[in-house]
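Visitor: This is the structure I have questions about; it appears just below.
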Amino acid sequence: SYHPLRGNAFVRARYANALELAEREGGGGETGGKLVLDHGCGDGVLTAMLARRGARVLGLDNSEVALRYALKRTVGLDTHYQAGGVYDLPYRSEAFDCVVSTQVIEHIAEPGRLLGEIRRVLKTGGRAVITTRIRLTEKPIDPTHVQEWFEEEFRKVIAEVFPRAEYFRSHPASWMEASYRFKWMKVLANLLSVVRNPYAGFDSGYRLHVIQYALATK
């Protein structure tokens with residue numbers, strides 16, 4: 001939503017950035033006609049965005065409640081959902097052209113196992129988009145996170161499974177901090193996002209960012 005009070009420019013930009021990277025799948029090709037896994041799809045917002053670009057999207061999540069919302073959100077789109085965990089994906093090997101996993105890896109204790117499963121279900125030559133918070137403090141900022149990584153730490157974790165990967169950053173930390181401290185800053189970000197979202201795009205020129213992305217090739 002672009003509503004100034006109920007909207008969330010921060011999350012909307014994260015989805016848009018992930019979608020932009022997913023559109024680079026296959027060396028710059030569109031997602032139209034591709035089979036894409038929304039890995040940890042939640043309530044289906046990104047699933048719907050991918051499907052509206054013409055992708056055939058499978059959404060996986062371990063929350064039945066979230067999947068019920070996702071089903072309502074994507075009525076009429078080429079989407080299918082399945083409940084399951086990220087350690088043992090219920091799909092055959094080499095099934096997907098692209099896997100998008102946004103803000104999932106920080107919630108699990110065995111990131112290597114999660115990444116190995118993503119690699120298994122990707123077709124040879126397929127790409128994975130993996131996003132997570134950048135570690136800024138000794139303990140995770142979000143208490144629901146099992147772990148967070150500095151940029152170099154994240155790259156090492158990814159490289160163990162996907163040696164060929166590109167890395168990106170987004171979401172200036174100063175905007176996030178101001179929005180947490182001052183409610184009017186969140187309203188301002190939502191209003192600005194109608195023209196240009198202050199969180200959108202990569203490496204904005206600010207020194208500190210809070211979201212990092214890996215675009216990995218199998």
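The values are calculated or read from the model by the stated rules, or taken from the named source; none is laboratory data. This one's a predicted model, so the numbers in the text were calculated from it and none came from an experiment. Neighbour counts are summed over all protein chains in view; Cβ atoms, including those assigned to glycine, are modelled from backbone coordinates with ideal geometry. Heavy atoms of the whole protein, side chains included, go into the accessibility calculation; ligands, DNA and RNA do not. Shrake-Rupley method; radii C 1.70, N 1.55, O 1.52, S 1.80 Å.
Residue by residue, here is whether (1) farther than 19 Å from Ile105 by Cα; (2) touching a Phe, Trp or Tyr at 6+ places or on another chain (Cβ under 6 Å); (3) open to solvent by 50 Å² or more (accessible area, probe 1.4 Å) holds:
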residue	(1), (2), (3)
Ala48	yes, no, no
Arg52	yes, no, yes
Ala55	yes, no, no
Asp61	no, no, no
Arg68	yes, no, yes
Lys72	yes, no, yes
Val75	yes, no, yes
Asp78	yes, no, yes
Gly85	no, no, no
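Visitor: Report yes if Arg120 is open to solvent by 40 Å² or more (accessible area, probe 1.4 Å), within 15 Å of Val161 (Cα to Cα) and either not in a loop (DSSP other than H, G, I, E, B) or not β-branched (Val, Ile, Thr) (or both), otherwise no.
Guide: Spelling it out, Arg120 is indeed open to solvent by 40 Å² or more (accessible area, probe 1.4 Å), within 15 Å of Val161 (Cα to Cα) and either not in a loop (DSSP other than H, G, I, E, B) or not β-branched (Val, Ile, Thr) (or both).
Visitor: What are the residues in the stretch 124-168 that are surrounded by fewer than 18 Cβ atoms within 10 Å (Cβ to Cβ) and of a type in the set (S, T, N, Q), if any?
Guide: Residues satisfying the conditions are Thr124, Thr137, Thr144, Gln147.
Visitor: When the stretch 180-214 is examined, which residues are found to be hydroxyl-bearing (Ser, Thr, Tyr) and open to solvent by 20 Å² or more (accessible area, probe 1.4 Å)? Step through it out loud before you land on a result.
Guide: First pass over the stretch 180-214, keeping only residues hydroxyl-bearing (Ser, Thr, Tyr): 180, 193, 199, 204, 206, 213.
Within the stretch 180-214, Tyr180, Ser204, Tyr206 meet the criteria.
Visitor: Here's another thing I want to ask about it. For the stretch 135-155, what are the residues that are outside any loop (DSSP other than H, G, I, E, B) and among the aromatic types (Phe, Trp, Tyr)? Walk me through how you get there before you give the answer.
Guide: Pass one, the stretch 135-155, residues outside any loop (DSSP other than H, G, I, E, B): 149, 151-155.
Result: Trp149, Phe154.
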